[in-house]
1. For region C:117-135, what are the residues that are in contact (Cβ under 8 Å) with a residue 24 or more places away in the chain and exposed (fewer than 15 other Cβ atoms within 10 Å of the Cβ)?
2. Looking only at region B:246-273, which residues are under 22 Å from A:L113 (Cβ atoms) and more than 7 Å from chain A (Cβ to nearest Cβ)?
3. Looking only at residues that are outside any helix (DSSP H, G or I) and among the aromatic types (F, W, Y) in region B:12-51, which one is nearest to A:M110 (Cα to Cα)?
4. Tally the residues that are modelled with pLDDT under 85, surrounded by fewer than 20 Cβ atoms within 10 Å (Cβ to Cβ) and either more than 23 Å from B:F150 (Cβ to Cβ) or of a type in the set (A, V, I, L, M) (or both), restricting the search to region B:205-250.
5. Report the residue count in region C:302-323 for those that are part of a loop (DSSP other than H, G, I, E, B) and closer than 25 Å to C:P225 by Cβ.
6. Step by step: first the residues of region C:291-311, then only those that are among the β-branched types (V, I, T) and modelled with pLDDT under 90, then the one that is surrounded by the fewest Cβ atoms within 10 Å (Cβ to Cβ). Which residue is that?
7. Those residues that are in a helix (DSSP H, G or I), within 30 Å of the chain's Cα centre (by Cα) and away from chain A (no Cβ under 14 Å), I need them from region C:99-123; list them, please.
8. Would you check which residues across region B:206-237 are of a type in the set (G, A, S) and at the interface with chain A (Cβ under 9 Å from one of its Cβ atoms) and list them?
Amino acid sequence: MAREATKGRKAVTTLVAWGIGLVIFFPILWTVLTSFKTEVEAVNPHPSFLFFDWTFENYRTVNERSDYFVHFANSSAIALGSTLLGLIIAIPAAWSMAFVPGKRTKDLLMWMLSTKMMPAVGVLVPIYMLARDSGLLDTRTGLIIVLTLVNLPIIVWMLYTYFKEIPGEILEAARMDGATLSSEILYVLTPMAVPGIASTLLLNIILAWNESFWTLNLTAANAAPLTAFIASYSSPEGLFYAKLSAASTMAIAPILILGWFSQKQLVRGLTFGAVK
Amino acid sequence: MATQASRTAGRLMLSPAVVLLFLWMIVPLAMTIYFSFLRYNLLMPGTEEWAGFDNYHYFFTDPAFWPALVNTLTLVIGVLVITVVGGVALAVLLDQPMWGQGIVRILVIAPFLVMPSVSALVWKNMLMNPVNGLFAAMARGLGLPPYDFFADAPLASIILIVAWQWLPFATLILLTAMQSLDQEQMEAAEMDGAGVFWRFWHLTIPHLMRAITVVVLIQTIFLLSVFAEILVTTNGGPGTASTTLTFLVYVQSMLQFDVGLGSAGGIVAVILANIVAIFLMRMIGKNLET
Amino acid sequence: MGEIVLSKVMKSFGGVEIIKGIDLTIADGEFVVFVGPSGCGKSTLLRLIAGLEDVTSGTIAIDGRDATDLPPAKRGLAMVFQSYALYPHMSVRKNIAFPLRMAGLPAAEQQRKVEAAAKILNLTPYLERRPGQLSGGQRQRVAIGRAIVREPAAFLFDEPLSNLDAALRVSMRQEISELHQSLKTTMIYVTHDQVEAMTMADKIVVLNAGRIEQVGSPLDLYRSPANLFVAGFIGSPKMNFVEGAEAAKNGAHTLGIRPEHIDVTADGPWSGTVGICEHLGSDTFLKVEVAGVGTINVRAGGEVPLHHGDPIRLTPQPDKFHRFDSAGQAA
């Protein structure tokens with residue numbers, strides 16, 4: 001039985017929490033606000049918070065200068081593609097680890113995670129050469145393959161922790177009911193694990209969307225996602241704060257909106273399934 | 001507890017993931033090891049020759065090596081300390097009853113959703129810029145001289161940015177763990193006359209240990225490869241003040257086109273990462289038994 | 001139809017023998033109960049029959065066909081699990097239809113069978129609900145429904161009532177018995193509760209440490225237990241075991257007397273003092289400290305006016321004595 005907090009204490013907590021929340025959120029808020037300013041207003045030594053002349057000019061300019069929607073499509077294709085491909089490979093693997101564990105299962109899981117600890121730069125040159133020689137450089141396919149492999153350990157681990165919460169007896173019941181292995185996974189395990197799979201999907205879309213090592217180093221023009229789009233604004237060219245803000249807002253808005261709309265899955269996904 | 005048939009099926013279904021990851025690990029790694037023993041510069045194609053351990057020698061004697069190693073550890077440990085301590089504090093705060101908890105949670109999560117290059121650009125230009133940044137404007141408002149973050153404290157500034165990105169993650173995991181804290185145990189301790197701080201140290205913190213382990217594990221994985229934040233803000237400088245191992249190797253292989261040297265550095269980075277990994281896995285393995 | 005023959009069935013996990021060579025024939029239509037203390041291997045034996053575990057050696061034949069290496073789906077058996085193992089994401093209707101769907105039956109046929117099973121089990125009003133919205137007893141019935149639609153060669157029950165409260169357990173027990181009467185299908189039922197075993201079984205198989213101690217009808221086991229283990233396991237309250245002079249006098253190493261076979265008399269040969277005295281209304285359970293014999297449990301009539309510390313005399317019924325040798329076997 002939780003006790004009722006006093007009104008006064010609740011008010012103080014609310015005030016402090018909102019204060020801290022706004023401070024943490026402030027850089028994003030400031031970016032969004034600046035994107036609606038003129039370039040002159042954006043570098044005003046006495047910046048105005050809300051009372052300035054709002055303009056959409058920056059968004060138009062940015063979109064003209066670098067085709068936003070092409071990059072958006074690339075980002076979406078790469079994030080979705082690598083996550084779905086990862087799930088297809090990881091679901092059977094996680095089934096196996098969760099329901100027919102062997103003595104080495106834990107070690108295997110740890111080994112998978114440890115591949116993620118390999119510094120990407122250590123293998124950048126070979127991967128670059130392999131991609132170049134197989135014609136996958138600067139293609140969506142190439143990035144999908146690379147990001148699938150990069151995030152596979154995380155996907156396997158998350159699914160494993162979610163699957164382990166499903167009682168093995170239910171899968172045995174399906175086996176007794178005449179289900180083959182594939183129908184057991186398709187009709188019983190997967191639907192039961194939908195919340196966990198949704199969280200995994202969401203988190204990995206975010207990770208893939210924001211991945212900025214491979215996406216920067218393996219693309220040039222054709223397959224460049226939003227990370228590359230924003231990188232083209234990193235070299236200073238005079239007064240560009242407002243345009244930079246507009247580009248930044250456009251790069252992060254899809255994921256922010258997606259994340260906020262699926263907050264429940266995101267919160268669960270962010271814990272990587274490791275904490276209940 | 002299963003039949004031979006399902007164990008066989010299990011192995012079959014596990015193998016694609018294992019084989020793919022194994023190839024993903026071993027093929028580039030083997031190539032990198034091979035390159036690391038070559039004199040191999042992309043600017044001088046066709047001049048590759050066996051170099052023995054020269055590249056390793058050059059890498060270790062590179063004046064940037066030790067600073068890079070120290071910077072890497074400082075970055076990882078700095079961010080871990082800030083996010084774990086801040087995360088525990090925020091989790092305790094957000095666990096209290098309040099109005100609009102859902103909205104506060106959204107605000108706190110947001111930085112995690114921002115791509116690293118964007119957050120680096122935003123912090124560098126709009127907040128920390130000594131002329132046009134908001135912090136400079138605030139300093140001026142208070143009558144103070146503006147502070148040039150990336151010139152005077154480059155590594156600390158990068159740590160601040162990275163910590164901002166990862167604080168939401170630590171907070172959320174710890175908050176989730178807080179919510180599974182046994183209230184009866186807390187009340188029993190209170191009945192026994194335990195004070196707020198005693199309960200925090202002896203009940204809350206031990207309960208959070210598993211969650212803290214997860215935070216440390218996952219964040220270390222991602223922090224060892226912090227890249228875009230450095231590239232966008234300081235480019236490793238001034239001098240080597242904010243160069244990490246990852247960044248040093250990147251500079252050598254992609255900017256100086258010295259594949260041999262870069263590969264040797266890559267191998268050193270891999271070995272160091274593995275030492276960290278083994279250490280972490282030991283620790284995690286104990287804490288993750290379920 | 002549903003004859004199951006186990007021969008020399010053995011199972012070990014990592015070098016530890018759990019099932020140590022079981023030979024057993026279960027006739028078609030029989031209600032067989034595997035009973036024994038926890039860890040005796042009864043659930044493992046059921047899982048071996050189900051095909052959820054492999055035998056280490058030995059064979060299992062179902063309907064005269066060797067099923068040792070068949071996967072569970074091909075054995076034609078249905079199982080009801082301790083946790084019910086219902087599919088939480090499916091309605092009751094879909095749960096019951098699942099085995100039919102897996103068998104590829106036409107939808108109309110599936111519906112007809114589901115409706116029929118639901119009617120037998122009084123589940124018709126709940127067909128559209130999810131398992132999470134049902135009570136324990138209803139979930140149990142859904143699990144049974146899912147088993148009966150398959151028209152299996154035999155039903156396997158793995159401690160199906162242990163998650164229910166006492167009152168519900170009694171009524172579900174009767175429902176399962178009635179189901180067996182109407183379906184006449186072989187049923188194998190695992191329990192640690194000897195009351196369930198006694199009340200439901202045609203044939204009880206008493207297991208201990210991976211071996212069969214005795215097979216027989218409930219009354220066979222009650223009347224003539226083959227050894228001390230069975231004697232102590234079957235019957236409630238437990239049989240009294242007396243050793244030493246009193247046993248030797250009756251020509252046994254150990255003498256077993258059931259509490260209900262001891263009368264409270266004014267001039268009995270055993271004299272003692274009442275310890276614990278439990279008045280249940282219909283019966284009175286007494287724990288009596290008998291000089292030279294030991295502590296003896298007695299089941300006396302309903303309204304015996306005895307209390308803690310009262311002196312008492314007891315007469316055991318000599319024709320109901322069970323005599324065991326020093327190896328614990330019935331003599």
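The values are calculated or read from the model by the stated rules, or taken from the named source; none is laboratory data. What you see is a predicted model, and the numbers here were worked out from it, not measured in a lab. Here the Cβ positions follow ideal geometry from the backbone for every residue, glycine too, while neighbour counts run over all protein chains shown.
1. Matches in region C:117-135: C:E128, C:G132.
2. Result: B:V268, B:I271, B:L272.
3. B:F37
4. 1
5. 2
6. Per the stated criteria, the residue is C:V304.
7. Matches in region C:99-123: C:A116, C:A118, C:K119, C:I120.
8. B:A211, B:S225, B:A228
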